[in-house]
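Novice: My questions all concern the structure below.
The values are calculated or read from the model by the stated rules, or taken from the named source; none is laboratory data. Every value quoted in this text rests on a predicted model; they were computed, and no experiment measured them. Every residue, glycine among them, receives a Cβ derived from its backbone with ideal geometry; neighbour counts consider all protein chains shown.
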Amino acid sequence: MKICIAQTHSFKGKVNKNIKNHLRIIERAIELNSDLIFFPELSITGYEPNLAKELATDVENNIFNPFQTLSDKKEITIGIGMPTNGIDGINISMLIFQPNKKSIVYSKQILHSDELPYFINGNTQISLNIKEKRIAIGICYETLQREHFVNAKQNYADIYIASVAKPKTGVEKAYLHFPKIANEFNTPILMSNCVGNCNNFISIGKSTVWNKDGKLMEQLDDKNQGVLIYDTELETTEIYQLIIQKGQLSDLEKLFQIYLNAKKELEQNNIYQWTNHYPTITIIKNDLKKEVLYILKNNNEIIGAINISEEQETEYQSVNWKFNNSKVLVIHRLVINPKHQKQGYAQKLMEFAEEFAKGNNYSSIRLDAYSQNDRVIEFYKKRNYCISGKVNFPEREQPFYCMEKEIKTDYNRL
């Protein structure tokens, strides 16, 4: 059996946006042949006690239908974090969707004192029976309480999953507690933590698998989303963690080869948008020196890159831009290694660019796309980029469409 723990960044109170992110991550877990996947504490809303009363709902809410559908179709068990309505108040819960079964809810039984003004305790321990393994679940604070783990073992748990939202101090405590407990009870422990802002702290990820001897088998980093998979039969782990960061000069040769491979792929499809003089290794080197070239990596493999800056081509001056405000972000040289194309990686880079624009108060994004590259033009149109004009660049027979998108902050939660 393969157990997947997800490390996610949740947007404060933005339920629909977080659900979409969860579904993308679940799809990736399915591609990696996972039998079940669990997310961090309150992953659908973010760990935001002040919003719990407003956002709490029930597992029967139609917004969760895609999880049950995916569970049934792909035969995967899914656990997501959500505040739920209890009889006497709000619970911190894990909604669990199993293939062709009724969904169930586990609610945190031992609350931290800071949570008592907002939540009530759950009162029932549950375990899941999947492929002859009994899996127990704990949520954050209670997972560090010995009594909770002992109770799980009394219910014959073979594996213990901790769904948490922990800052640096909390992770440090977990790293002291979980190895000892795993070794004492001869039970693997998996911790799924989130990254980013949570209420009044920063959660630092480092989602981890400890084996039955308490040995740390693998962990994710402290900043990025990803999944960590534990194979219970082989007792092995594998990581899938996409990281977007500024490229380094040490990446130059690998990056330029990706651009060359992409150029060759385009030409095989009779698309001649790049030439022998663009992009050159000098151009890519300058991007790296200026720190405007961001790279997408899975572990140590570079998958793609994108130039994000304020530099506009001189040809842009002839375009009648619709969003002609002063603070404009420009995208150049988006590339995905051909062997990784059509897997959603270009979407990841564009999402990053648009979040970068929002976070830095840009009013719009501009880019250009070769008029003969129908697939790319359609890709941008689906992301709500509109054509505002066209320009010609040297050595290309056909023009490039100049496209733009207004950047707005979305305050809608549901």
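Novice: Given the residues Ile26, Ile44, Ile19, Ile63, which is the only one that is modelled with pLDDT of 95 or more, in the same structural domain as Thr143 (by TED's automatic domain parsing), assigned to a helix (DSSP H, G or I) and under 20 Å from Ala162 (Cα atoms)?
Specialist: One residue alone meets the criteria, Ile26.
Novice: Which condition does Glu355 not pass, out of (1) surrounded by fewer than 19 Cβ atoms within 10 Å (Cβ to Cβ); (2) acidic (Asp, Glu); (3) more than 24 Å from the chain's Cα centre (by Cα), if it passes all the others?
Specialist: It fails just one condition, (3).
Novice: Which one of these does Ser250 not meet: (1) within 30 Å of Lys153 (Cβ to Cβ); (2) among the small types (Gly, Ala, Ser); (3) surrounded by fewer than 18 Cβ atoms within 10 Å (Cβ to Cβ)?
Specialist: So the condition that Ser250 fails would be (1).
Novice: Right, next: Taking the stretch 66-119, which residues are crowded, with 22+ Cβ neighbours inside 10 Å and of a type in the set (D, E, K, R)?
Specialist: Scanning the stretch 66-119 gives a single hit, Lys108.
Novice: In the stretch 316-363, what count of residues is obtained for those that are modelled with pLDDT of 95 or more and acidic (Asp, Glu)?
Specialist: Qualifying residue count, the stretch 316-363: 1.
Novice: Same structure, new question: Looking at Gln145, is it more than 25 Å from Thr8 (Cα to Cα) and not basic (Lys, Arg)?
Specialist: Taking the combined requirement at face value, the residue does not satisfy it.
Novice: Take the residues in the stretch 120-172 that are more than 21 Å from Leu228 (Cβ to Cβ) and acidic (Asp, Glu), then tell me which one is surrounded by the most Cβ atoms within 10 Å (Cβ to Cβ).
Specialist: Per the criteria, the residue is Glu142.
Novice: Only one of (1) in contact (Cβ under 8 Å) with a residue 40 or more places away in the chain; (2) farther than 15 Å from Ile189 by Cα is not met by Ile161, so which one is it?
Specialist: Single failed check for Ile161: (2).
Novice: Checking the conditions here, which among Glu233, Glu238, Glu218 is in a strand (DSSP E or B), in contact (Cβ under 8 Å) with a residue 60 or more places away in the chain and of a type in the set (Asp, Glu)?
Specialist: Glu238
Novice: Does Glu41 satisfy being touching a residue at least 12 places away in the same chain (Cβ under 8 Å), among the acidic types (Asp, Glu) and buried (at least 21 other Cβ atoms within 10 Å of the Cβ)?
Specialist: Here the answer is yes, as Glu41 does meet what is asked.
Novice: Right, something else. Would you check if there is a residue in the stretch 309-327 being touching a helix residue (DSSP H, G or I) at 6+ places or on another chain (Cβ under 7 Å), surrounded by 15 or more Cβ atoms within 10 Å (Cβ to Cβ) and outside any helix (DSSP H, G or I)?
Specialist: No, there is no match, as no residue in the stretch 309-327 is touching a helix residue (DSSP H, G or I) at 6+ places or on another chain (Cβ under 7 Å), surrounded by 15 or more Cβ atoms within 10 Å (Cβ to Cβ) and outside any helix (DSSP H, G or I).
Novice: If you take the residues of the stretch 241-269 that are of a type outside the set (Gly, Ala, Ser) and in a loop (DSSP other than H, G, I, E, B), which of them is farthest from Glu31 (Cα to Cα)?
Specialist: Restricting to residues being of a type outside the set (Gly, Ala, Ser) and in a loop (DSSP other than H, G, I, E, B), the top hit is Gln248.
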